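Novice: Supplied in structure tokens, the structure appears directly below.
What follows draws every value from the coordinates through simple rules; no lab data is involved. Source: prediction; values computed, not measured. Using ideal geometry, Cβ is built from the backbone for each residue, glycine included, and neighbour counts are taken over all protein chains shown.
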Amino acid sequence: MKRLAKAMVVVALMGSVGCAVHFAKRSPWDIQRLKELGDQLEQFKTLAHLKTEEADELRRAKTLMEAQLGSSQAEVGYDERGLVARLVDQVLFDSGKAILRRTEVLDKVAKVLQEFPNQPVGIEGHTDNVPITHSGWASNKELSMARAKAVSEYLTHQHGIADSRLIVVGNGEERPIASNDTAEGRKKNRRVEIVLLPKESSASYQAQAEKQNSRKKTSYVK
């Protein structure tokens, strides 16, 4: 009888744990919580080695950036580079073009950058892996570089952001953040990232940017 009772307790516990796991897989709240914990971990890794004053400045910059930008316009978070504002290409450019068609988002980003005049800034262009056939660019890398330069020049000429602060990088298709096998993934990969860099990493970032920009471009048959 006691064995039967124990067995029933074990079954009940297993059932309750199973339900909890099942709930966690389906719960939007839990998914959001995991994302928040991931963001907090990236923040810790990014800020842990910085001086207190600069770490506080990057935290303040994140708060301001999130207040300025809506979630439909940009994603804001930390990674190993620093504080990143990720803008999908449709917010700024027409397909295959490097001429800015909308600048409202950049105006908002500029307001934040102006609050931190001594902080270096990386501007990175990215594309999906679909070969260029009609837009006239020699490669995705060339298009991504042209877009990054367009953003840099706008921030300098329209908002007075010092050109010496800005480091422009054209990554092309080389650094995807999603699978290029789906339309949704390719949409995420077509983006411009504005990175508020820790001061101590700006020199190494600059060196990596120069190396990346000098790499041989892959050309496609038109």
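Novice: Just to compare against my own numbers: the Cα pair-distance distribution for region 26-214, 10 Å bins, whole % per bin, please.
Specialist: 9, 36, 38, 15, 2
Novice: Oh, and also: For Q208 and S72 in one chain, what is 0.36 nm times their gap in residues minus the Cα-Cα distance, to one decimal in nm?
Specialist: Gain on extension, Q208 to S72, equals 45.9 nm.
Novice: Compute, for region 26-214, the length of the dipole vector about the Cα centre, with Cβ point charges of +1 (Lys, Arg) and -1 (Asp, Glu) only. Units Debye, rounded to 20.
Specialist: With Lys and Arg at +1 and Asp and Glu at -1, about 260 debye.
Novice: Same structure again: What residues of region 61-79 lie in the reach of a label at E104, counting those whose backbone N is under 20 Å from a point 7 Å from the Cα along Cα→Cβ?
Specialist: Only 64-76 fall inside the zone, counting backbone N under 20 Å.
Novice: List, in order, the whole-Hz ³J(HN,Hα) value for each residue of region 127-137 obtained from phi through the Karplus relation with A = 6.51, B = -1.76, C = 1.60 and θ = phi - 60°; use x for Gly and Pro.
Specialist: Result, rounded to whole Hz: 10, 7, 9, 6, x, 7, 10, 10, 7, x, 7.
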